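Bear in mind these aren't lab numbers, they're just calculated from the coordinates by the rules spelled out. Everything numeric in this text was worked out from a predicted model, so none of it was measured. All Cβ positions, even for glycine, are placed from backbone atoms using ideal geometry, and neighbour counts span all protein chains on display.
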Amino acid sequence: MDWANLGFGYIKTPYRYVSEYKNGKWDGGILTGDDKIVISECAGVLQYAQTVFEGLKAYTAKDGRIVTFRPDLNAERMIESAKRLEIPEFPKERFLEAVDKVVAANKSFVPPYGSGASLYLRPFIFGSSAVIGVKPAKEYQFRIFATPVGPYFKSGIKPITLRVSDFDRAAPRGTGHVKAGLNYAMSLRAIVDAHENGFDENLYLDPTTRTFVEETGGANFIFVTKDGKIVTPKSDSILPSITRRSLCFAAEKYLGLTVEQRPVKLSEIENFAECGLCGTAAVISPVGKINDHGREILFPSGMNEMGEITKKLYETLTAIQTGEIQAPEGWIREIR
């Protein structure tokens, strides 16, 4: 494997995990080499988008161990997502065991320490039995596959440009707070349109008043005030990001910064010194500029490099993930 030239895409690995839900219970689950899924043309996932998913990574730590980062939180979030879509919960301990098995079985595809690459894991559940009326499926599959991915920023970390979107990401009291496939399908038209008009991503506003910042199509916001305080938007329709939660903890406990989670008005973002998007893939993507229907908001951190505090956050969390800095208790799970 040419670790230095890996992109962020799908590469088939030898093994994946599959468990089926039938007659009211999950079976024991297996590792399989078969990457194909055969389901009814009338399956619940195809007809009514009954599916939820997660994303996490396995790394080679500085000391040579293969580890995953806070997979317990992925398990817990998948349980909450499943509840919202009337999907049977996959137990937390079984989720963790499945992650361990998939990583161990594909150990040769975990990139070496220092390469900037990782083994990306995609757990997902979908309705597999036929459903023609609008109702939950009776049978489901839980699966995890793995794919090695290169660093998200292959040519260095450069700030991106956002636009304030006219689309809504989620409905009030809808599914914006869960990791459901349908949320991401809803964002596809908006992201394609953004790219066609020269922007990297969309900034979505709250769907009720369209005055508060929510998130982008696949990441939470982190802002830095001019006096060095971390501010993250608060909303019932924002996905609870594990990366954002970890960055906020690192900001407080490792860097001694003040962290505030609260509603953030669009009208106040021009007063922030730095802006970033946080998620599993990139950890933090710096934002240099936001276009609000022709009005450009340029952050003082600029378009050339990541802001000073954002960079410290990025370096601290990635160092925790790879064992360069001691992690808090329970954050790192070793694969044996």
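A compact table of results
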item	result
Cα-projected label distance for ARG189 with LEU96, points at 7 Å along beta-carbon direction, nm	4.3 nm
Stokes-Einstein D (µm²/s) once Rh is taken as the Kirkwood radius of segment 165-219 over alpha-carbon pairs, at 37 °C in 0.692 mPa s	288 µm²/s
Calculated from backbone phi, Karplus (6.51, -1.76, 1.60) coupling profile of segment 56-66 in Hz, x at Gly/Pro	8, 10, 10, 10, 8, 6, 4, 8, x, 5, 9
Qualifying trypsin sites (Lys or Arg not before Pro) in segment 17-56, DSSP loop, other Cβ atoms within 10 Å at most 10	LYS36
Histogram of C-alpha separations across segment 128-231, 5 Å bin width, %	2, 9, 15, 16, 18, 15, 12, 8, 3, 1, 1, 0
Amide hydrogen neighbours beyond the local backbone of LEU56, cut-off 5 Å, H modeled	LEU121
Derived scalar couplings ³J(HN,Hα) [segment 310-324; Karplus, 6.51 cos²θ - 1.76 cosθ + 1.60; whole Hz; x for Gly, Pro]	4, 5, 4, 4, 4, 5, 5, 5, 5, 5, 5, 5, 9, x, 6
When the convex hull of its Cα atoms is projected in every direction, mean area for segment 217-256 (nm²)	3.2 nm²
Calculated diffusion of segment 63-204, Stokes-Einstein form, Kirkwood radius summed over Cα pairs, 25 °C and 0.890 mPa s, µm²/s	136 µm²/s
Pairwise centroid distance, computed over Cα atoms, of segment 240-302 with segment 16-51, Å	38 Å
Cα-based convex hull volume of the chain per residue, rounded to whole Å³	137 Å³
Computed over the chain: relative contact order in percent, which uses C-alpha pairs under 8 Å that are six or more apart	20 percent
GLU196 paired with GLU324, simple spin-label distance in nm, labels 7 Å along Cα-to-beta-carbon	4.1 nm
Shape of segment 34-117, Cα gyration tensor, a/c cut at 1.5	prolate
On Cα atoms only, tilt of 181-196 relative to the major axis of the chain in degrees	40 degrees
